[in-house]
């Protein structure tokens, strides 16, 4: 695109191009992933209460880190959605 003889390159990367449909799909995927990690943590609690066995700490920490990351991503997508409105 040229303006007054100057050249500017447009950037429309797929990673930064959002539609309402894409945002809904991403939020749905994140919601499903959050439910999966929460159910994994619930199962770990059940195993602990039934047998007294604790799952490896690394596995629990990973699940908690993933939950935190997914919640941040969901908040980021919601803020993008608000800007669209």
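Assuming R0 = 30 Å, what is the FRET efficiency of residue 22 and residue 69, from their Cβ-Cβ distance, to the nearest 0.05? The value I calculate is 0.95. May I have the pair-distance distribution P(r) for the stretch 18-84, computed from all Cα-Cα distances with 5 Å bins from 0 and rounded to whole percent? P(r) for the stretch 18-84, in whole percents per bin: 3, 17, 21, 18, 13, 10, 8, 5, 3, 1, 0. For helix 57-84, report the angle its Cα long axis makes with the longest principal axis of the Cα atoms of the chain; keep it between 0 and 90° and round to the nearest 10°. Here the helix axis deviates by roughly 30 degrees.
Label-to-label distance for residue 62 and residue 48 is 1.8 nm, based on points extended 7 Å past Cα in the beta-carbon direction. The mean sequence separation of alpha-carbon pairs under 8 Å and at least six residues apart, normalised by the residue count of the chain, gives a relative contact order of 32 percent.
By the helix-only formula, in which each DSSP H run with n ≥ 4 contributes -39500 (n - 2.57) and the sum is divided by residues, the chain has a 222 nm mean residue ellipticity of -25500 deg cm²/dmol.
Just so you know, all these numbers are worked out from the coordinates, no wet-lab data involved. Keep in mind it's a predicted model, so treat the numbers as computed, not measured. Using ideal geometry, Cβ is built from the backbone for each residue, glycine included, and neighbour counts are taken over all protein chains shown.
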